[in-house]
Amino acid sequence: MPDHHQNRDAIIAALREELVGPSPQGAALDCSGSVRFSEPKESYGPWRVKGTGEEILQRDSPAKRYGVAVLYPINTLATDDDDTKESPTDGTAADRDDEPSNALTEDGIKNVDKVAGRVARAAKTEVDSDDLDLSPATSYRPSSIGVSFLSLLPDGSELSVEVSGGRYRRFAVAIGTQERFWWRRSHVSGSVTFTASELLAKQGMNRKPLVGDELDGLDLSVEVFSRPRVGTSALLTVCLVNRTPSTGTSASETSLFQSHFLATVTAPDVRACIQPYPTPRPPQREDGRRGVLDYEEESLALLYREMQTFAVGHGCAADWKLSTYRARANSVSAECLPQLETPSTTPDILREDGTPVRVSMARLGGLVSGTDGMVEVEEVVTRYEHWIAERRENAELLGAHREVALRHLEVCDRSAERMRDGLKYLKEDSKAAKAFQFANEAVLMQQIRSEPRVRGAQWDSRARRIKFAEPYLEPDPLDFGTDRGWWRPFQIAFFLMCLRSTGDGRADTRETVELLWFPTGGGKTEAYLGLAAFAMFMRRLGDPNDRGVSVLMRYTLRLLTAQQFQRASGLICAMEQMRKKRTSDLGETRFSIGIWVGGGSTPNNREDALRQLRALIRQDRNAENPFLLVRCPWCRAQLGPLS
């Protein structure tokens, strides 16, 4: 099996090298003296500094190569063009004819022209608009990063700030008869210490120059703004500032790259000094009394009561290292490219014996003799009710969060009641029971037919017919493996909750908007496809001659629209197969599906579709495939041009 943790780490490392740097690669190059290459091919690289392994940039300046975690000289305007300050006056480095060409192809030039046209049209629209001018003419590039946190500062305690980063120096390289300028990185490090007495003496700024390696020519300082509180604690804002003057020279030589610092508070008799960051006070009410949190703020405080925040960043993100005493942190850091592994969420619920709680679609679909599957559905609802009862007992122990916890449980109670009402609806309404049964069978068949593998097709010119790599096999609704054909608890719970409001136009909850939330891959699509199938079957069972649109699906991302359209098409194919076998119940009108995304994505008429298909068959160089379906959603047959 692939190691996805290793793949993720590789992606993060590549992203960091691209945005923050450094990215040392290639062979070692001796930079202790003059660097000379007899001919251009010898210089191509990439290169690293011999002895240190540090990065060498051959073409782009550091300020152009990296855009994250850079502290520019103070008062550097955002409009300053660093490249113009770095160009050699003799022009020798500007001649790159002897280097590998990156010229665009003819097709690439056409595409660039198209983009340029769109940009020009957009620019004209912006000029004609009355929007506020947000040009960066008077804005500055970042020259500082900071982190705020609350810390105990007992007698004898110290705040130490360890800074790391990189700087780049330009050096000349002789290549044949020409002189070029490359950039050599060196590692920057330094530290500053503040005593508790310095930080508690008064409210205000404490500034100390950074002392360390490779700092000549840079004016870096660590500045701490202290706001003493009651006792021996203070709210501290620690900043790393590049106060090097912006004198018109290259910003790449006077900027700090890969900027980072770690702030640690140590005390003789205290295990950890950094406390949770104080929460903001609610705004005052109009009558002058202290305000209270609103419902959403109280809910968030309850849900995240065990996830403390120990610092906030300014111009960067803040991170921290918790102590063994988890109510405090040992240190905080400034992170310009933060990363966090979010806990995984599973849709699976296990019984006490370790077996999964799940519901068979085949049983609910009436495909298994001797059972209707309702015992499994009943178990899901009962377990949810028991879970609510357990949470209600725990709510009594939550102190200040008790009231909002009980309000949450009232919402859970309403959900459980609607699930029970869904079961009652199926027992009372035979049409709803049949539509529910049909919907389960349709979703099951859609899952069985959703294999990504394509049945390859080829045109046999001698037989003048299409031949497939494998024959079509009719799906077996009782042979679908172990990973398909099962409702997860949250899916069937959502289905039950929405049954009456979907099938009964007079239901009290008809106007309620349902939100189904779960991380990607949990099974949201099957849940709402099941409900969509139920709604369409209800209409047909009520009137076999019913026509018209029953379900609208809207997506904000084009790729997601295409992917979900393919899955919905599989459901419609399953429903249509069922209709053909049950015309007395479901009528003669076929179930169908369509998509509207505009002519820029798919053809809007058959003439355009045929024209673009012919272009694909001719293998025109500029032909694009505008067709969303590349395989039949039912039989998996290859669609599109054939070889």
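The values are calculated or read from the model by the stated rules, or taken from the named source; none is laboratory data. If you're wondering where the values come from, they're calculated on a predicted model, not measured in any experiment. Ideal geometry is used to build each Cβ from the backbone, glycine not excepted, and the neighbour counts take in all protein chains shown. Heads up: the accessible areas ignore ligands, DNA and RNA and are worked out on the full protein's heavy atoms, side chains in. Shrake-Rupley method; radii C 1.70, N 1.55, O 1.52, S 1.80 Å.
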* Using a 10 Å cut-off on Cβ atoms, rank the peptides 505-512, 195-202, 296-303 from the highest mean neighbour count down. => 195-202, 296-303, 505-512
* To do: Over segment 536-610, calculate the relative contact order: mean separation of alpha carbon pairs under 8 Å at least 6 apart, over the residue count, as a percent.
  => 34
* Asked: From the phi of every residue in segment 542-552, what ³J(HN,Hα) in whole Hz does the Karplus formula 6.51 cos²θ - 1.76 cosθ + 1.60 yield, where θ is phi - 60° and glycine or proline is x?
  -> x, 8, x, 9, 4, 10, x, 7, 9, 9, 10
* Which residues' amide hydrogens lie under 5 Å from the amide hydrogen of V35, considering only partners 5 or more residues apart or on another chain, with H built in the peptide plane? -> A174
* **DSSP-loop GluC sites (Glu not before Pro) across segment 386-446, with at most 14 other Cβ within 10 angstrom** => E396
* Could you list which residues have their amide H under 5 Å from that of F310, counting only those 5 or more apart in sequence or on another chain, with H placed in the peptide plane? => Y277
* Structure fact -> SASA check, H401, accessible area w/ 1.4 Å probe, all protein chains in place, rounded to nearest 10 Å², comes out at 50
* Which angle between 0 and 90 degrees, to the nearest 10, do you get for helix 402-428 versus the longest principal axis of the chain when only C-alpha atoms count? -> 30
* Could you pull the Rg and Dmax for the chain, using just the Cα atoms, both in Å? => 33.2, 95
* Structure fact -> The long-range amide H neighbours of F181, using H built 1.01 Å from N in the peptide plane and a cut-off of under 5 Å, are V173
* **Relative contact order, percent, the chain [alpha-carbon distance under 8 Å, six or more residues apart]** => 11
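Which value, in debye to the nearest 20, gives the size of the charge dipole of the chain about its Cα centre, when Lys and Arg are +1 and Asp and Glu are -1 at the Cβ?
It works out to roughly 1920 debye.
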* Asked: Hey, if you put +1 on the Cβ of every Lys and Arg and -1 on every Asp and Glu Cβ in segment 373-433, which of T382, G422, A395 ends up farthest toward the positive end of that dipole?
  -> G422
* Label points 7 Å out from Cα along the Cβ direction at A13 and Y304: separation in nm? -> 3.2
* To do: Kindly express, to the nearest 10 degrees and within the range 0 to 90, the angle between helix 430-448's C-alpha long axis and the longest C-alpha principal axis of the chain.
  => 50
* Asked: If one takes the longest principal axis of the Cα atoms in the chain, at what angle in degrees, from 0 to 90 and to the nearest 10, does the Cα axis of helix 4-19 lie?
  -> 40
* Asked: Quick one: Karplus J couplings for segment 382-389, per residue in order, coefficients 6.51, -1.76, 1.60, θ = phi - 60°, nearest Hz, x for Gly and Pro?
  -> 4, 5, 5, 5, 5, 4, 4, 4
* Counting alpha carbon pairs within less than 8 Å and at least 6 residues apart, what relative contact order, in whole percent, applies to segment 408-496? -> 32
* **Computed [θ] at 222 nm, helices only, for the chain once each DSSP H run of length n ≥ 4 contributes -39500 (n - 2.57)** => -10500 deg cm²/dmol
* Structure fact -> Projecting the Cα atoms of A432, S226, C336 onto the charge dipole of the chain, where Lys and Arg contribute +1 and Asp and Glu -1 at Cβ, the residue farthest towards the positive end is A432
* How many Å² of accessible area per residue for the chain, probe 1.4 Å? -> 60
* To do: Using θ = phi - 60° and the Karplus relation 6.51 cos²θ - 1.76 cosθ + 1.60, list the HN-Hα couplings for segment 457-474 in order, rounded to whole Hz, with x at every Gly or Pro.
  => 10, 9, 7, 8, 5, 6, 7, 6, 7, 8, 10, 9, 5, 9, x, 6, 10, 5
* Asked: Roughly how many percent of the accessible protein surface of the chain is carbon and sulfur, given a 1.4 Å probe and a whole-percent answer?
  -> 51
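Order of 153-165, 205-217 by packing, highest average Cβ count within 10 Å first?
153-165, 205-217
What order do you get for 513-524, 493-504 when each peptide is scored by the mean count of other beta carbon atoms within 10 Å, highest first?
Working: 513-524: 11.4, 493-504: 23.1.
By packing density, highest mean first, the sequence is 493-504, 513-524.
For the cross-link pairs K41/K64; K524/K581; K64/K208; K321/K524; K427/K581; K467/K524, which exceed 32 Å when the distance is taken from alpha carbon to alpha carbon?
K321/K524; K467/K524
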